[in-house]
Amino acid sequence: MEAWIQGIMEQFGYIGVAFLIMIENVFPPIPSEVILTFGGFMTTSTSLTILGMIIASTIGAVIGAVVLYGIGLLLDVERLEKIVDRWGHILRLTREDIHKADNWFDKYGMWTVFFCRFIPLIRSLISIPAGMSNMNFGIFLALTTTGTLIWNTILIYLGAAVGSQWEVIVHYMDIYSHIAYVIIAIAVLAFIIWFFKRKKTEKTN
């Protein structure tokens, strides 16, 4: 995977970086840490610049986020209600649950979209619920661009700072990602436990 990523970046430069980051946003398993830190290193050994790398990677990330936002629009609340009407008894979901989740995102969605740009995996997928809740596109675009710009700038500068030792940054980012995944897994498990306990309480009352 890393050799393929590096090959595209070396052959196509800024366009390759934008393309890879766009794909990374749509398919999160592709590691942006490798793309960005290696991109930073490339600015020390080629004619590519840090500013150019930041701009290219941010454009790619925003395009990818908009694609996922569009997918979220297709999976709006009305469509989810139809799914719940048909399969809710199996999923143990009701229309009220859908509306509560939608209301929560309406209330906290702005900050969620921004801060999730710094969390592996979630930084890409958060665009889908943003679209599902019909979050104002201008606000979504501004928060996504700002959060992504910060994330890209940090990793590209780090890659440039360590030069040929850029893989060291990838190593530490892997540790950060694993910690984030554990925290996310615990949070999801806690939510599932809370959700089913609440359902059980509602039935007994």
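The values are calculated or read from the model by the stated rules, or taken from the named source; none is laboratory data. Worth saying up front: this structure is predicted, and the values here are computed from it rather than measured. For neighbour counting, all protein chains shown are included, and Cβ atoms are generated from backbone atoms with ideal geometry for every residue, glycine included. Areas reflect the complete protein model, heavy atoms only, side chains present, ligands, DNA and RNA absent. Shrake-Rupley method; radii C 1.70, N 1.55, O 1.52, S 1.80 Å.
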Subset of region 23-44 (residues that are within 11 Å of the chain's Cα centre (by Cα) and surrounded by 22 or more Cβ atoms within 10 Å (Cβ to Cβ)): E24, N25, S32
Qualifying residue in region 45-52 (condition: of a type in the set (V, I, T), closer than 21 Å to T145 by Cβ and open to solvent by less than 20 Å² (accessible area, probe 1.4 Å)): no
Some residue of region 119-136 being at pLDDT 80 or above, assigned to a helix (DSSP H, G or I) and charged (D, E, K, R): no
Residues of region 117-149 classified as free of Cβ contacts under 8 Å to residues at least 60 places away in the same chain and exposed (fewer than 15 other Cβ atoms within 10 Å of the Cβ), total: 5
Candidate set: region 67-88, residues that are within 30 Å of F19 (Cβ to Cβ) and open to solvent by 30 Å² or more (accessible area, probe 1.4 Å); chosen: the one modelled with the highest pLDDT: V67
Where I15 falls short, out of the listed (1) closer than 30 Å to Q165 by Cβ; (2) open to solvent by 20 Å² or more (accessible area, probe 1.4 Å); (3) at pLDDT below 85: (3)
